[in-house]
Amino acid sequence: MSERTYDVVVIGAGNGGLAAAATTAQKGMKTLLIEQHTLPGGYASSFVRGRFEFEPSLHELCDVGKEGEWGACGTFFKDLGLDIEWVPVPEAYRMVITDKDEKLDVKMPFGLNEYIDKMEEYVPGSRESVTNFFDLCQEVLDAIGYLGASKGNPDKKVLTSKYSNFLKTASYSVDQVEKALKIPKKARDILNAYWCYLGTDTEKLGFTIYGAMMIKFLLLGAYIPKMRSHEISLAFEKAIRDFGGDVIYGTKVEKILVENGSVVGVTTDKGEKINTKHVICNAPRHVAFGNMVEGADEIKEKANREFNSRKVGGKGYVAYFGLNKTAKELGLTDYSYFIYPTVDNKKLYNSMFERGNNPMQAIVCLNNAIPDCSPPGTSMLTVTTLYKDGAWDDVNETNYVQVKNKIAKDIVRNIESALNVKISDAIEEYSVASPQTFARYACAYDGSIYGYESETWDSLLPRLLMMKDDLYINGLRFVGGFAFRCHGYSSGYMSGNTIGLLTYKDSLEEK
């Protein structure tokens, strides 16, 4: 078996892995990024069907900002020198509720004051309570920034004096906070539209992560890369190489080698042993400890008990449509749509456990942000929905194609009915990514695209506070959607940056 040595080995070129490798390489660590696929990015990629190039997963990226008003992600990208052409998303979202007794059709803007003004227009008398909600969101965001700057050693006096409301609400759900602030129900329904991007109903969803996400979206707006999310992935790969790091594709890490409670290396399916004291893993923790870690049986047993107590998030289903008419011709006037059969997101969450004919839908018409993203006279529509445990258990090689196509047809009917448009006659190309697709393409556990669910007991703050306890094995840290920042593009990138910096700090302390 051939051998070589690196300061750090990063497993997986998903968003978290790319960000971690770029960070350690920039810091001068001898870095190796290993990816089993032939391309970087994981879900952050693109693919072509006919004359259309589709975006697999990114709807919009918050926390980027613009020159002079960069968010955390934007600052990180700029510090790395990433060359990405960002395009602003025109509006926050349009939400359509189709139930005959709950019908609702609202369009919400970016900008905090603009959003509150529009909410007051839809729900007279809501201004004060919604303003209080966003004041609290701002404190949450500031507190998270402080925790990050403290590098795991926050001053308790600072937390209790400056961020007391953050601490008080850390264990509360979104619903609990909204009700305590006496936000009218209709305003809560509109405010909670983004819940599906976090995959947990607002009765269980931790307020901290939702509040931080909402305030960032509204203050900074949202952006997408002009050349799909693969533009970000390629920019990261270039940065890694420019900083002296190595990247190898088509190679799978089979084992993470551990001796006396510390990482000593990895082995690959190419028969190579790579010596290192530091491994940053972009795979889920339960996958790593269940299948990859070798030489730490007692530690593995303890770790797996903890990981198995968590819930794995929603399984992805995405339908991609290439249309031979323009968005304007089809009546698709907005960029981002949420179409829900009811405002009751707990009911919607529970519906994810079976395949119904009227699923919740998060829809993007990319042409309404990037007009030339498809050939002249055409447009593209991407529709995402989620499923949970058991929903696809009866699907096999015999009925798979029929099942996934039926869902796509139901989605088209739902869109046409909800938006009063006709798109079925304009479909030139379509493709479906099912849970099986995500499992096969990205080795996503059970087809999940959402990491561990962000419930109140396992949301952002508890994970931040538990970071030191997560070091079951010296030198083994985790990034990505299953890590401490929870799931999502921004969280993936920033988790990689944080873990890369901590790994660099670890390496300095060894000297």
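Annotations
- Protection proxy ranking, highest mean first, for peptides 36-45, 72-81, 208-217: 208-217, 36-45, 72-81, where packing is the per-residue count of other beta-carbon atoms within 10 Å, averaged.
- Residues Ser424, Ser46, sorted so that the one with the fewest Cβ neighbours within 10 Å comes first: Ser424, Ser46
- Here each label is just a point 7 Å from Cα along the line to Cβ, and for Arg51 and Val87 those points are 1.8 nm apart.
- Label-to-label distance for Asn113 and Lys179 is 3.4 nm, based on points extended 7 Å past Cα in the beta-carbon direction.
- The percentage of C-alpha pairs in the range 313-450 whose separation is greater than 22 Å is 38%.
- Spread of Cα-to-Cα distances over 10 Å intervals beginning at zero, given as percent, for the chain: 4, 19, 30, 28, 15, 4, 0, 0
- Between Ser309 and Ser161, the contour length at 0.36 nm per residue exceeds the Cα-Cα span by 49.9 nm.
- The fewest-to-most ranking of Thr160, Thr398, Thr169 by surrounding Cβ atoms within 10 Å reads Thr398, Thr160, Thr169.
- Gap separating the Cα centres of the range 325-366 and the range 105-163, nearest whole Å: 26 Å
- Cross-link partners of Lys388 among lysines, defined as those whose alpha carbon lies under 20 angstrom from its own and excluding same-chain residues fewer than eight positions apart: Lys204, Lys311, Lys315, Lys346, Lys347, Lys404, Lys406.
- Once C-alpha pairs closer than 8 Å and six or more residues apart are averaged by separation and normalised to the residue number of the range 313-450, the relative contact order reads 40 percent.
- Peptides 277-290, 111-124, 50-63, 9-22 ranked from most to least packed give 9-22, 277-290, 50-63, 111-124, packing being the mean of other C-beta atoms within 10 angstrom over each peptide's residues.
- 12 Å beta-carbon shell around Tyr163, net charge (K/R +1, D/E -1): +1
- By the rule of a C-alpha distance below 26 Å, with chain neighbours fewer than 8 residues away ignored, the lysines paired with Lys270 are Lys30, Lys238, Lys252, Lys255, Lys300.
None of the figures in this text is laboratory data; all of them are computed from the coordinates on show. Predicted model only: the values in this text are computed from it and were never measured. Heads up, the Cβs are rebuilt from the backbone with ideal geometry, glycines too, and the neighbour counts pull from every protein chain shown.
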